[in-house]
1. Taking amide H atoms as placed 1.01 Å from N in the peptide plane, list the residues 5 or more away in sequence, or in a different chain, whose amide H sits under 5 Å from that of B:Lys322.
2. In Å², what does the accessible area per residue of the stretch B:166-278 work out to with a 1.4 Å probe?
3. Taking the Cα centre of the stretch A:11-53 as the origin, how large is its charge dipole in debye, to the nearest 20, when only Lys and Arg (+1) and Asp and Glu (-1) carry charge on their Cβ atoms?
4. Using Cα centres only, tell me the gap between the stretch A:20-54 and the stretch A:235-276 in whole Å.
5. Scan the stretch B:76-149 for trypsin sites (Lys or Arg not before Pro) in coil per DSSP, keeping those whose Cβ has at most 10 other Cβ atoms within 10 Å, and list them by number.
6. Determine by what factor the alpha-carbon radius of gyration of the stretch A:75-225 differs from 2.2 N^0.38 Å, reporting the quotient.
7. Rg and Dmax in Å for the stretch A:232-271, alpha carbons only: what are they?
8. Accessible area per residue, 1.4 Å probe, Å², for the stretch A:11-53: what's the number?
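The values are calculated or read from the model by the stated rules, or taken from the named source; none is laboratory data. What you see is a predicted model; the values in this text were computed from it and never measured. Note: ideal-geometry Cβ built from the backbone for every residue, glycine included; neighbour counts use all protein chains shown. The area values use the complete protein model at the heavy-atom level, side chains included, leaving out ligands, DNA and RNA. Shrake-Rupley method; radii C 1.70, N 1.55, O 1.52, S 1.80 Å.
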Number of protein chains: 2
Amino acid sequence: MTRKSHSITIRDVARQADVSVATVSRFINRNAPVSAEVAERISKVMTELNYVPHAAARHLATRRTRSIGLLLTTINYDFFSPLLSGLEKVVAENHHNLLVATYRADLRKEYPPPVGPHNTDGVVIFADAVKEDQLAQWHRMNFPMVLVHRTPPPHLNIPYVTVENKAASRRIVDHLIEVHGRRHIVFTRGLVDHEDSHWREMGYKDALEAHGIAYDPKLVVNGEFDREVTYREMKTFLSNNHPVFDAVFASDDDSALGVIRALQDVGMSVPDQVSVVGFDDQHFSCILPLPLTTVRAPTEAVGRAAGQQILNMILGEPAEQKILLPTEVVIRQSCGCSARKSMPKEVIAQKR
Amino acid sequence: MTRKSHSITIRDVARQADVSVATVSRFINRNAPVSAEVAERISKVMTELNYVPHAAARHLATRRTRSIGLLLTTINYDFFSPLLSGLEKVVAENHHNLLVATYRADLRKEYPPPVGPHNTDGVVIFADAVKEDQLAQWHRMNFPMVLVHRTPPPHLNIPYVTVENKAASRRIVDHLIEVHGRRHIVFTRGLVDHEDSHWREMGYKDALEAHGIAYDPKLVVNGEFDREVTYREMKTFLSNNHPVFDAVFASDDDSALGVIRALQDVGMSVPDQVSVVGFDDQHFSCILPLPLTTVRAPTEAVGRAAGQQILNMILGEPAEQKILLPTEVVIRQSCGCSARKSMPKEVIAQKR
DNA sequence: CCGGTTACAGTAACCGGTTACATTATGACA
DNA sequence: TGTCATAATGTAACCGGTTACTGTAACCGG
């Protein structure tokens with residue numbers, strides 16, 4: 001209110017340095033030669049006046065915001081920490097800003113996305129944070145986008161970066177079958193609209209089929225990538241008369257925790273009676289009482305790659321249509337493999 | 001480049017709806033009466049044209065960006081996930097945007113802070129992300145700021161929100177002394193410039209003094225709030241001839257992990273020989289092989305409070321000068337208290 | 001010495017909104 | 001009926017930068 005805020009402008013600098021605003025602008029942006037003498041004068045006045053160019057004015061004139069948006073469904077989840085970290089790093093290195101926003105489904109009717117062409121030069125979109133029609137519209141107007149942990153809808157060639165879900169899921173379920181002789185494997189599904197969940201389930205099915213095991217929909221439990229939900233659903237599963245099972249492939253590490261707890265509740269021992277494996281290799285997975293056998297997803301690298309991509313697109317340089325980062329099965333003990341006697345080395349070595 | 005981007009402007013809408021730009025503006029901002037008939041027309045044209053006001057133009061005209069900045073030293077740390085989550089929630093609820101930026105010390109010489117008055121209507125500053133002279137300058141120009149996990153320098157009455165460090169540290173060290181009879185307690189210090197670390201050390205000293213135990217600087221180890229650093233420093237500590245000790249108060253949970261690993265390396269048993277306690281109650285702390293006795297810091301609430309504060313300041317409403325959120329000692333097993341037989345309930349119940 | 005290039009600098013239009021001020025129509029009230 | 005408040009709308013200046021266009025002086029090869 002009444003922020004008269006005699007903010008000092010480029011004209012103040014120009015006047016004080018006895019040059020034109022154009023010259024000051026050129027000096028700031030180094031996009032045209034300025035004599036050493038004048039440069040010196042401008043520079044001095046700028047620090048004297050503590051001048052910082054007004055971003056909005058610059059944006060308006062250049063039609064570039066130098067900021068990129070990140071659209072998430074939620075932040076409240078450890079998973080996003082490395083993603084954000086990787087993204088912010090490359091965005092900052094390239095002198096851009098990062099606008100982080102969530103766009104929950106219930107807001108979609110009433111408001112347009114909080115970040116978009118009006119706001120940013122491009123956006124990174126996680127999973128199903130925005131709907132297809134919005135993607136299509138932005139695509140039509142050539143607005144730079146990179147999808148993360150999802151693929152574009154058909155006929156929209158929007159670059160995306162995600163991780164190898166299916167093959168790794170296949171391998172970790174193979175491990176359960178081949179090494180531990182498990183044949184009745186529960187899958188706790190993630191969020192239904194989530195491609196990660198879909199492909200992890202595909203990998204699961206693949207593994208079953210490859211070993212001549214029939215897919216039994218009764219062995220699939222909903223978990224929503226959530227520890228608590230998975231716990232509840234597993235309890236329900238266990239309290240009804242359920243098919244025999246001897247292993248659980250949880251769609252992520254967090255839900256694996258819910259699974260383990262539910263099993264312990266009813267007195268089933270992990271990993272002796274039931275092997276449990278997860279996905280993601282989150283920060284906590286290696287330091288659990290029963291270190292989790294899981295699939296390592298390079299989430300920080302996903303963030304970096306997405307940042308690199310969106311910056312390329314903004315600069316008009318070519319972007320990869322598809323970046324699929326490799327994942328890796330990490331054998332620990334929750335599947336039944338032998339225990340080490342102390343906390344694993346990686347507790348320490350693991351990059352934060 | 002050559003993004004001709006015939007972005008549709010308010011004048012396009014005005015022309016098509018056969019009204020003036022002022023009327024359209026008034027309709028959009030609902031800050032002056034517009035006849036129902038005209039409103040209808042404008043509304044229709046707007047959706048037809050898919051018009052979204054250009055943020056920069058609006059910012060320039062109103063001198064308000066409707067976005068608030070968050071300045072961190074680093075993101076790569078699970079600790080920030082709940083902070084961000086809480087902050088983003090209230091910022092979004094109040095129709096503002098969140099600009100997340102890191103400002104590492106090595107950038108400070110060369111660049112001004114990536115977020116500031118040129119960019120945002122106010123900033124939330126974590127710990128020592130910006131230096132005192134910068135704080136002073138912003139304060140002088142009345143730029144809204146809220147400090148988080150730090151207090152303002154003397155004579156700058158900048159509102160801050162942080163957690164109760166000293167009293168809780170005192171209590172958890174009391175616990176070590178009174179319940180477990182420990183009297184030779186190592187403290188692994190956090191980052192030296194970090195107030196949290198400072199006050200946690202003060203609480204530690206208080207507890208010692210209250211029990212007539214002399215403070216021994218040889219029992220203080222540097223840890224920098226970092227698992228790996230703490231591990232290394234503890235190893236160094238243990239390999240030189242060190243004073244006898246029977247407990248460790250780590251300045252945060254992450255470093256407690258490093259401590260435990262270092263102790264296990266040299267064959268000391270936790271908690272039998274040495275009690276270990278931490279601070280923060282991070283997401284993983286309750287699911288460790290040895291669940292950590294620690295102090296719960298309400299980090300998500302800190303984020304929410306900071307958001308509320310900065311929004312108040314921006315709206316010119318009064319802000320609390322100081323918000324000190326309570327912390328709570330959480331007794332688990334790493335101090336030597338009795339174990340429960342399965343994973344603690346809170347693994348499930350804990351809010352994500 | 002001349003035409004042409006280049007280095008350097010200034011003027012002013014423009015980016016797309018907001019809003020102070022002006023204008024007209026309308027209804028209320030004395 | 002004249003006065004006044006109010007509703008509804010328009011005109012144009014302004015926010016603080018960038019940049020197209022223009023101009024001058026210095027420099028260069030012939």
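1. B:Tyr160
2. 40 Å²
3. Magnitude of the dipole: close to 140 debye.
4. If you average the Cα positions of each part, the centres end up 66 Å apart.
5. Of the trypsin sites (Lys or Arg not before Pro), the ones in loops of the stretch B:76-149 whose Cβ has at most 10 other Cβ atoms within 10 Å are B:Lys109.
6. Normalised Rg, Cα atoms only: 1.25.
7. 9.6, 26
8. Ligands and nucleic acids excluded, the figure is 64 Å² per residue.
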